[in-house]
Each structure stands twice: as structure tokens, then as C-alpha cells.
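The values are calculated or read from the model by the stated rules, or taken from the named source; none is laboratory data. No experiment lies behind these values; they were computed from the predicted model shown. In this analysis, Cβ positions are derived from the backbone assuming ideal geometry, glycine residues included, and neighbour counts consider all displayed protein chains. With ligands, DNA and RNA removed, areas are computed over all heavy atoms of the protein, side chains included. Shrake-Rupley method; radii C 1.70, N 1.55, O 1.52, S 1.80 Å.
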Amino acid sequence: MRRIVFILCLLWGACVAAYAQDGFKITGKLGGNLGGKLVLEGNGAEGAVSLSETVMIDGDFEFTGKVDGMILAYILTEERQPVATLMLENLEYLLVAGENGIEVQGGGDSQKVLNEFEAVNRRITREKMLVEQQMKAAYAQQNQMQLQALQQQFSRVMQEAGEKQAELLKTYKDSPVSAFIVASGMGQMDYVSLQTVFDGLGEPARNSLFGQMIVQCLAAMKDVEIGAIAPNFKGSMVNNDTLSLYGVKAKLKLVDFWASWCAPCRQEMPNVCKVYKKYHDKGLEIIGVSLDSKVPDWQQAMVVEKMKWLNILDVRQQIATRYFVRGIPHTLLLDENNHIIAKNLRGKALEKKIAELLGDK
């Protein structure tokens with residue numbers, strides 16, 4: 001009888017253990033008097049989806065549930081402030097307040113890899129905050145030597161962090177976490193740099209959801225590289241007429257992304273006026289794409305800067321996003337068939353290139 005009871009106990013224990021691994025459990029022990037609603041949000045092939053909600057009381061909270069395979073998940077406050085990032089699997093996780101922020105313990109191998117990348121990011125954030133505080137003090141004292149030293153110090157930190165991240169990407173080249181890290185920062189990379197990093201990933205990482213996101217981004221980037229045919233776009237002009245890029249016929253087109261609030265853009269405008277006046281009759285057309293959010297500001301700037309060329313408004317920055325505009329002014333030179341000839345030329349370099357293309361040497 002004792003033997004039967006013992007066997008039943010073993011079987012029950014095995015069933016409990018199996019059930020415990022059937023879903024995930026996330027426990028938070030952050031301490032203090034933190035409180036409020038928290039949301040666990042997953043991010044998969046179908047986009048963001050709410051997985052669970054809970055309430056944090058005095059820094060303690062718990063999420064439970066089940067996922068089909070590993071997914072990227074975020075714990076967010078009710079105001080959408082990030083608390084933690086997880087490579088969520090049907091495992092147990094513990095969140096605690098560490099010296100450098102919230103630490104995620106437990107989980108699987110992917111979470112451990114993510115933790116290593118997160119440690120690099122936390123160091124950058126910590127150093128940035130420290131340098132910014134010191135720079136404010138140095139600026140108040142007009143200590144130029146100290147300001148320069150702090151800038152060099154932060155540059156070294158960024159370089160070391162970049163080297164450490166590159167090392168991690170090489171070490172974990174097959175991990176989907178590496179693809180996630182690259183995908184998270186690809187919006188700030190150019191086509192060549194992103195392609196190089198992507199080529200360094202292993203096949204499992206390249207074939208992951210995040211790897212496929214990088215593939216899609218590379219394809220979109222290639223569409224606006226030199227030699228490609230610029231994607232068409234449409235926008236509203238001052239008179240509310242619609243203008244399309246392909247609808248503009250000219251030997252040479254200059255697409256100029258700018259905004260009234262952009263000081264470098266305004267400084268460059270006399271040069272743009274000069275080339276327009278000099279080469280418009282020889283086949284140059286300019287299409288200004290303003291990122292202004294207020295129509296009066298856009299209209300006033302065009303009057304002040306004496307812009308006689310075509311201009312449209314890109315309030316939602318959909319055109320700028322499609323063209324991967326990361327800063328303005330941003331220019332593209334197109335031929336009569338909308339092939340991209342050059343990018344980001346300004347001043348004398350812009351005038352020289354236009355003169356060359358229109359045969360005015």
C-alpha cells in the first residue's frame with residue numbers, strides 16, 4: 001500500500017511539474033511603493049497584441065498565461081512607459097530592481113542573450129545621463145576644455161559599446177535575439193551598413209521573424225539608393241492642388257526635404273534659390289517636401305525664402321519615412337526618368353553636380 005501511495009505521489013508531482021511548464025509565470029519584486037496597472041504586450045508576426053494585465057502593489061506583480069513558442073514581449077505601464085523587455089517562453093521569470101535598473105532573471109537561453117545586450121544599452125544610457133549633467137555644469141562655467149573632454153569621453157564609451165555589441169552579434173549570430181537587436185536599430189542605419197550586419201547573422205537568425213523584418217527594410221532602402229528609380233509620391237501644394245513626383249517633367253529634378261523650423265534648411269535656401277534661378281530654364285525643377293505640421297509656418301517660410309519652385313506638405317512624414325529621411329535638409333537628384341543620381345548634396349557641391357548634369361561646365 002505504501003508503495004502504491006508513493007508511486008501516486010510521484011505521478012502527481014510529475015503532473016504538477018508538467019503543468020507548471022505548460023505556461024509562463026512572470027513575477028515582479030521591485031520593492032518600494034510602486035503601484036498601478038501593468039500590461040503584458042506581445043509582438044509577433046501579426047503585430048502587437050495584449051497578452052495579460054495585472055496591478056502592481058508595492059512593487060509586486062504577477063503575470064501568467066501561455067504562448068505558442070517564443071515571442072518578443074513588453075511589460076508596460078498604463079501610460080505605455082516601458083518596464084521590461086522579455087523573450088517570452090512558457091517558463092518562469094523574476095523581475096527585480098538592480099543597481100542599474102530592472103533586471104530580468106530566469107527564462108530561457110534567448111532571455112540570457114537579451115540580458116547581455118541590455119547591459120550594454122544600460123551602460124550607454126547611464127553614461128549619457130552622467131555626461132549630460134557634467135556638460136551642463138561645464139557649459140554654465142563656459143569651460144570649453146571640459147566640454148571637449150566630456151564629448152571625447154562619451155565618444156569613447158559609444159565606441160566601446162559598439163565594439164561590445166559587435167562582439168555579441170558575432171558570438172550569438174544564430175540567435176533570433178541578435179536579429180531583434182539589429183532590427184531595433186536599423187532605422188538609424190544606412191543600406192550598406194545594415195546589409196553588412198545582416199550578412200554577418202547566421203541562417204537561423206536571418207530566417208527568424210526579426211530577420212525577415214530586416215529583409216523587408218533592406219528592400220525598401222534599396223528602392224531609394226543611388227541608381228534606383230525613386231518611388232512616386234503625392235502631396236498637396238499651397239493652392240490645394242495635388243502634385244506627384246512622376247507628374248513633374250524635367251531633365252533634372254531636385255527633391256528637397258526641409259521645414260520652416262530647421263535652421264540648416266533655412267541657411268541652405270539661398271543656395272537652392274541660386275541654382276533654381278540659374279538652371280530652371282535649362283531643365284531643372286525643384287520639388288520641396290516640407291515636414292512642417294503647421295500650414296501658416298510653411299507658407300510664411302516660402303514667402304520669406306522666396307521659393308518659386310514646387311512645394312508640397314508632408315505633415316505625417318509618410319514621404320520622408322518612405323525615403324528614410326533621418327535628418328534635414330535631405331536632397332535627392334533625379335534624372336528625367338526618376339533614377340536617383342545623387343543624394344544629400346548642398347552648397348557648391350550641389351551646384352557643381354547640377355552644372356555637370358545639365359552640360360553647363
Response to the item:
Expected sort for 130-137, 200-207 on mean C-beta neighbours within 10 Å, highest first, is 200-207, 130-137
Discussion item. Suppose we look only past 23 Å in the calculated P(r) of segment 266-347. What percent of the Cα-Cα pairs does that tail hold?
Written reply: 20
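Please work out the average accessible area per residue across the chain, using the 1.4 Å probe convention, and give it in Å².
Using a 1.4 Å probe on heavy atoms only, each residue of the chain averages 57 Å².
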Practice prompt. Heavy atoms only, probe 1.4 Å: what % of the accessible area of segment 298-361 goes to carbon and sulfur, would you let me know?
Written response: 46
Worksheet entry | Entries of K294/K348; K251/K306; K66/K170; K249/K277; K234/K343; K249/K353 with Cα pairs more than 26 Å apart | K294/K348; K66/K170
Worksheet item: Under a no-solvent Debye model with one identical scatterer per Cα of segment 224-301, what's log10 I(q)/I(0) at q = 0.11 Å⁻¹?
Response: -0.32
Worksheet item: Tell me which aspartates and glutamates have Cα within less than 20 Å of K29's Cα, excluding those fewer than 8 residues away on the same chain?
Response: E41, E53, D58, D60, E62, E78, E89, E92, E99, E103, E118
Worksheet item: Cα to Cα, under 19 Å, and not fewer than 8 places away if on the same chain: which aspartates and glutamates meet these conditions relative to K308?
Response: D241, D256, E268, D281, E285, D292, D297, E351
Worksheet item: Residues with amide H under 5 Å of H330's amide H, sequence separation 5 or more or different chain, H placed in the peptide plane at 1.01 Å from N; which?
Response: F257
Worksheet entry | the chain: mean projected area of Cα convex hull, nm² | 26.2
Practice prompt. Search the structure for amide H atoms under 5 Å from the amide H of A84, placed 1.01 Å from N in the peptide plane, and list their residues when 5 or more places away or on another chain.
Written response: I75
Worksheet item: Any idea what the dipole of segment 283-361 comes to, in debye rounded to 20, about its Cα centre with Lys/Arg Cβ at +1 and Asp/Glu Cβ at -1?
Response: 280
Discussion item. Taking 32 Å as the cut-off for C-alpha to C-alpha distance, list the pairs among K37/K164; K136/K164; K128/K352 that go past it.
Written reply: K37/K164; K128/K352
Practice prompt. Please say if segment 129-273 is rounded, prolate or oblate, where rounded means a/c under 1.5 for a ≥ b ≥ c the square roots of the C-alpha gyration tensor eigenvalues, and otherwise the choice is prolate for a/b larger than b/c and oblate otherwise?
Written response: oblate
Fill in: Length-normalised contact order of segment 98-247 in % [C-alpha pairs under 8 Å, at least 6 apart]
17
Worksheet item: Taking amide H positions as placed 1.01 Å from N in the peptide plane, with prolines and chain starts having none, which residues 5 or more places from A342, or on another chain, fall under 5 Å of its amide H?
Response: L333
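Rounded to a whole number, what % of the accessible area of segment 25-145 do carbon and sulfur atoms account for, probe 1.4 Å?
The value for segment 25-145 is 49 percent carbon and sulfur by accessible area.
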